[in-house]
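Down below is the structure, laid out as structure tokens.
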Amino acid sequence: MAAVIHLEAIQKIYRTGGGLDVHAVRGVSAEVQAGEFVAIMGSSGSGKSTLMNIVGCLDRASGGRYLLDGLDVSGLNRDQLADIRNEKIGFIFQGFNLLSRTSALENVELPMLYLHRSLSHHEQRERAMGALATVNLAERAHHHPNQLSGGQQQRVAIARALVNRPALLLADEPTGNLDSQTSIEIMGVFQKLNDQGITIVMVTHELDIARFTKRNLIMRDGLIVSDVAVAERLNAETELRRLRDAHQAVQLS
Amino acid sequence: MKRIFATLRIAARALRRNLMRTTLTMLGIIIGVGAVIGAVSLTNGAKSQIEAQIASMGQNVILVFSGSFSRGGVRSGWGGAGTLTIEDADAIRREIMGVTVISPESRTRAQIAAGNQNWNTQILGESPDYFDIRQWPIVSGSSFTEQDVRSANKVAVIGKTIADELFPGEDPIGQIVRVKNVPFIIVGMLSAKGLSVQGQDQDDLMVIPYTSAMKRVQRVTTLNSIMVQAAKPTLLAPAQQQIIELLRQRHRITPGKDDDFTVRNQQEIAEMATAQSKTMTVLLGAVAMVSLVVGGIGIMNIMLVSVTERTREIGIRMAIGARGGDILLQFLTEAVTLSVIGGLLGIAMGIGVSKLLSAQYAWPTLIPTQWVVYSFLFSAAVGISFGFYPARKASRLDPIDALRYE
């Protein structure tokens, strides 16, 4: 079976005004197989976000080859990339990026609006409710983003990413705006989805968050400098329980 | 189809979100379209009234005016020089095929008096056929007769205004009215016609036999004009031609010399009268179109603001798979919704204003159906053309830049 992500010497060069070229990514080769749960780590400026944008088909590489699910996306045009983003990839952002003044349900329905094969209104509703149920937010379907907590908003964003049943879930600093307990809850959602067979790649700079994944890639100066399997993987449920116990202990003492 | 509804719903929501701004932007289109409809229905109303007035001259009418004369460089108008005679009129009646009725005319203005009242009015010398040609019924009394014409009798048919001015509250029939001290007996009164488009009182006139007018009032031997009615519309043009030939012959005008008379048919008179209102329509229409274009610029302006404000939303939509075309369509739909709703409201306003004008000031208005359609289509076109640039700008945004936009 082909890898979900296959990167061959991917480069990204930004041309600045003064004739100075910035090499954000300098030839990254990597593979991610179906069912993996990968964290890309690195300090800011290491090129991890640029690489993530390329993998998410939001941006195009300056050089190299990128096969997504066996399909070469390097030479696709804007519209074809939009279709790939719509059907093959679910993207989750640090800032949630939900449409304000639009209910959670409608936010989740949004990707289906741009689906080529158009779905019946009933089917759309059903799929959106299903996606919300996956992240345990079915009862908040009609709330607007400003009526939801950060964790809940991020779960709506995850439901939105899932609704078109993509092969790949990409998350750029998904816990960056969340407190530690909510972060672990979100990682719990990811672990559950990964257990169901969904491939997940996320960018983070928090070491303890990366420990919930199965494999860690570390980038520095546009290159992957380390690629290791996570030895002592954390389980979100256990961690949550421990956190709650600790909390209780503090209160008791 | 479903996608169109979804796009419309998004557009409606985006427009509702800034209701004040939406309304103000729409106002440009509302006023533009309202002005078009209002202006055109006013000029249309005036035009149709002029046409009705000309139709009231009678069907298939040809007017023969005697020529103008010039004395010391001052030229009189048509009917000024006495070149038409009663014999000319008789010859037309006798020799021109297809001519049914004819009324030699001798017109003047004079002071008239009855009892201790007096009034200045128009005195028309006509034949009894005049009332038939103009399809103007006599509501009380009767017309004068051919016998009255032959004898140049002192009888008169008066308009409603004269009855009101000289005989208030009395029956005018059988009363005496003096014209230049010649006493005329009133034998009939015409039905009231009211004001003309130009605001003239059409009932302010007195009709007497043309012979009486020539001999007893004006003391002239020539006619001002001859009113001729053809039996059928198709006979109008040949009859006109024959009249010209006959009169040139009778007046001994050698080839190459100008006519000393003028022949006009009703069609030509109608065209002259409506030419002015056509110019008005074009002018008012142009002014209204300009205001529509200004409204369109308002839409463009607000759409550009909207695109900038919603850059992040555009980025989100693109990130989850909206194509450039989807974004283009979304903003274009918004602009067109804005202009089309504005157009509909403008049509309602234009119709309302013209109805109000005709109800309040008795201005004749006529809602022009085709202009309603034109202005609706035009406002939609304004939305498309002025919405296109902002929409294209939105659709060309880079998803990453758009997502980072603060």
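The values are calculated or read from the model by the stated rules, or taken from the named source; none is laboratory data. Values in this document were obtained by computation on a predicted structure and should not be read as measured data. A quick note on method: Cβ atoms are made from the backbone with ideal geometry, for glycine too, and the neighbour counts reach across all protein chains shown. We work out accessible area using only protein heavy atoms, side chains counted, and drop any ligands, DNA or RNA first. Shrake-Rupley method; radii C 1.70, N 1.55, O 1.52, S 1.80 Å.
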- [ ] Could you please give the count of residues in region A:21-80 that are out of contact with any helix residue (DSSP H, G or I) (no Cβ under 7 Å at 6 or more places or on another chain), at pLDDT 90 or above and of a type in the set (Val, Ile, Thr)?
- [x] 5
Open item on the list: I'm trying to understand the selection: among the residues of region B:314-373, which are among the aromatic types (Phe, Trp, Tyr) and either closer than 30 Å to residue A:114 by Cα or without any contact (Cβ under 8 Å) to a residue 60 or more places away in the chain (or both)?
Closed with: B:331, B:361
TODO: Find the strands (runs of 3 or more DSSP E) located wholly in region A:1-65 whose residues include 2 or more that are open to solvent by 70 Å² or more (accessible area, probe 1.4 Å), and list them.
DONE: A:5-15, A:21-32
Open item on the list: I'd like to verify a number: residues in region A:98-112 that are open to solvent by 30 Å² or more (accessible area, probe 1.4 Å) and either at pLDDT below 90 or more than 10 Å from every other protein chain (Cβ to nearest Cβ) (or both), how many?
Closed with: 2
- [ ] Any chance you could count how many residues in region B:350-378 are among the small types (Gly, Ala, Ser) and at pLDDT 90 or above?
- [x] 2
- [ ] Working carefully through the options B:248, B:264, B:219, find the one that is of a type in the set (D, E, K, R), open to solvent by 60 Å² or more (accessible area, probe 1.4 Å) and more than 30 Å from residue B:154 (Cβ to Cβ).
- [x] B:264
Task: Residue list for region B:278-309, filter: open to solvent by 10 Å² or more (accessible area, probe 1.4 Å) and among the hydroxyl-bearing types (Ser, Thr, Tyr) - done: B:279, B:281, B:291, B:308
Open item on the list: Among the numbered criteria (1) open to solvent by less than 30 Å² (accessible area, probe 1.4 Å); (2) touching a Lys or Arg at 6+ places or on another chain (Cβ under 9 Å), which one does residue B:47 miss?
Closed with: (1)
- [ ] Would you check if there is a residue in region A:68-87 being closer than 21 Å to residue A:203 by Cα, open to solvent by 50 Å² or more (accessible area, probe 1.4 Å) and away from chain B (no Cβ under 14 Å)?
- [x] yes
TODO: Might you check whether a residue that is surrounded by fewer than 20 Cβ atoms within 10 Å (Cβ to Cβ), free of Cβ contacts under 8 Å to residues at least 60 places away in the same chain and under 20 Å from residue B:127 (Cα atoms) occurs anywhere in region B:154-172?
DONE: no
TODO: State which residue is farthest from the other protein chains (Cβ to nearest Cβ) when the search covers only region A:124-138 and only residues that are surrounded by fewer than 19 Cβ atoms within 10 Å (Cβ to Cβ) and among the polar types (S, T, N, Q).
DONE: A:136
Open item on the list: Out of B:177, B:182, B:187, I need the residue that is farther than 18 Å from residue B:102 by Cα, of a type in the set (Val, Ile, Thr) and within 36 Å of the chain's Cα centre (by Cα). Which one?
Closed with: B:187
Open item on the list: Can you pull out every residue in region A:182-200 that is in contact with a helix residue (DSSP H, G or I) (Cβ under 9 Å, 6 or more places away or on another chain) and open to solvent by 80 Å² or more (accessible area, probe 1.4 Å)?
Closed with: A:192, A:196
Open item on the list: Against the condition within 14 Å of chain A (Cβ to nearest Cβ) and open to solvent by 60 Å² or more (accessible area, probe 1.4 Å), how does residue B:31 come out, does it pass?
Closed with: no
Task: Matching entry among A:121, A:142, A:116 (being over 29 Å from residue A:4 (Cα atoms), within 12 Å of chain B (Cβ to nearest Cβ) and open to solvent by 40 Å² or more (accessible area, probe 1.4 Å)) - done: A:121
- [ ] Looking at (1) over 15 Å from residue B:137 (Cβ atoms); (2) at pLDDT 90 or above, find the lone condition where residue B:181 falls short.
- [x] (2)
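Table: residues versus (1) touching a helix residue (DSSP H, G or I) at 6+ places or on another chain (Cβ under 6 Å); (2) open to solvent by 60 Å² or more (accessible area, probe 1.4 Å); (3) in a loop (DSSP other than H, G, I, E, B).
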position	(1), (2), (3)
B:313	no, no, no
B:316	no, no, no
B:352	no, no, no
B:356	no, yes, no
B:364	yes, no, yes
- [ ] Kindly indicate whether residue A:159 is more than 10 Å from every other protein chain (Cβ to nearest Cβ), within 19 Å of residue A:174 (Cα to Cα) and crowded, with 17+ Cβ neighbours inside 10 Å.
- [x] yes
- [ ] Tell me, please, whether a residue that is assigned to a helix (DSSP H, G or I) and either of a type in the set (S, T, N, Q) or free of Cβ contacts under 8 Å to residues at least 60 places away in the same chain (or both) can be found in region B:289-296.
- [x] yes
